[in-house]
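These notes concern the structure reproduced below.
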Amino acid sequence: MASAQRITVLTGAGISTDSGIPDFRGPQGLWTRNPGAERMATIDHYLADPEVRRASWQNRLSSPAWIARPNPGHRALVDLERQGRLRAIITQNIDELHQAAGSDPSLVLELHGTMRWVVCWDCGARGPMDAVLERVKAGEEDPRCVECGGVLKSATISFGQMLDPAVLAAAEDAAVDCDLLLAIGSTLTVYPAAGLVPLSKQAGARLIIVNAQPTPFDGIADSVVDGSISDVLPSLVATSGPDGRPRSRADDPA
Ligand code: NAD
Ligand code: ZN
């Protein structure tokens, strides 16, 4: 970590759990507790079944993400950027907490889109999520596009949906063009995101994984850090930076 000059970070839902947003596959994950929910998260179900859309709008309305604030894990990546060593943050998260923490938005690549925008499946019109949630609160159970009457969906990538090719290409560039890939808070089982890990490794980067559970790539990692992200990441970034030094007991106030 200390010798790395160009660091690409890949984040997953685990960096946001300490902000109050549950992950999907961790021990308390939404899909670990309710496996049926994963099947409902496919684009085909969403488009075909008004009942799925009604449930989705209710889920969006009650999402803990609307009041979530960035935690020390997100803020540590802002410090990494200030150290001048951050190439990009590739995130699978849709919560925009990296940007809220102060990361340069042009360095944040949202592989799975954002929950703060809505897109019309039929005409492609985009608009802010807030406005549509107000309509849901006012009683519209399955709000339609005001331009064309088409199906509205959050601007996120569901299963069965293609990633934005430009965002994926930028993520692949960042995975290849770095000397360290730092994979944080992801089970590394969702593709194509997980495929960035071997891609980066094959291009010669070192790999550090920070995650509370094992991942399929632990075996090719140069280091695996098992611990709470909001504890581990700030000290990892601080002690490896230009004026970093390993903390000793002497640093702690008496
Ligand atoms: P995941 O739920 O599959 O895995 C999260 C991993 O992080 C688990 O292995 C878990 O053990 C670990 N983890 C959770 N909290 C941790 C902590 N505080 N410290 C250390 N490790 C911790 O998440 P994924 O791999 O990102 O895939 C889930 C998909 O769901 C993504 O594609 C993402 O788009 C979406 N998602 C996003 C959010 C969000 O935006 N915050 C939340 C849930 C799901
Ligand atoms: Zn439309």
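For the reader, a short list of remarks on this structure follows.
- Radius of gyration (Cα atoms) of the chain, expressed as a multiple of 2.2 N^0.38 Å: 1.06.
- Shape analysis of the range 143-196 yields a ratio of the Cα radius of gyration to the Kirkwood radius, Rg/Rh, of 1.13.
- Translational diffusion of the range 78-156, µm² s⁻¹ [Kirkwood Rh, Cα pairs; Stokes-Einstein; 25 °C; 0.890 mPa s]: 174
- Segment Leu61-Gln202, length gained on full extension (0.36 nm per residue, minus Cα span): 46.6 nm
- Rounded tilt (10° steps) of 229-240 against the dominant C-alpha axis of the chain: 40
- Apportionment of accessible area to carbon and sulfur, the range 49-178, percent (1.4 Å): 52
- Cβ-defined net charge surrounding Val225, 14 Å radius [Lys, Arg +1; Asp, Glu -1]: -3
- Pair Arg135, Asp222: separation of 7 Å Cα→Cβ label points (nm): 5.0
- Residue-by-residue Karplus 3J(HN,Hα) for the range 130-140, coefficients 6.51, -1.76, 1.60, Hz, glycine and proline x: 3, 5, 6, 5, 4, 5, 5, 4, 7, x, 6
- Rounded accessible area per residue of the chain, 1.4 Å, Å²: 49
- Under 5 Å from the amide H of Ala155 lie the amide H atoms of Thr114, Trp117, Val118, Val119, each residue being 5 or more positions distant or on a separate chain, with H modelled from the backbone and absent for Pro and chain starts.
- For the range 119-254, the Cα-based Rg and Dmax, in that order, read 21.2, 66 Å.
- Close amide H contacts of Leu10 (hydrogens built in the peptide plane, cut-off under 5 Å, sequence separation of 5 or more or a different chain): Ile90, Leu182, Ala183, Ile184.
- Distant-in-sequence amide contacts of Val108, defined by a placed amide H-H separation under 5 Å and a gap of 5 or more residues or a different chain, comprise Ile89.
- If the segment from Asp49 to Asp231 were pulled out straight at 0.36 nm per residue, it would be longer than the present Cα-Cα gap by 61.3 nm.
- Taking 4.7 Å between beta carbons as the limit, the unpaired Cys residues of the chain are Cys178.
The values are calculated or read from the model by the stated rules, or taken from the named source; none is laboratory data. Nothing here was measured: the structure is a model prediction, and the numbers come from that model. With ideal geometry, Cβ positions are generated from the backbone for all residues, glycine too; neighbour counts draw on all protein chains shown. Areas reflect the complete protein model, heavy atoms only, side chains present, ligands, DNA and RNA absent. Shrake-Rupley method; radii C 1.70, N 1.55, O 1.52, S 1.80 Å.
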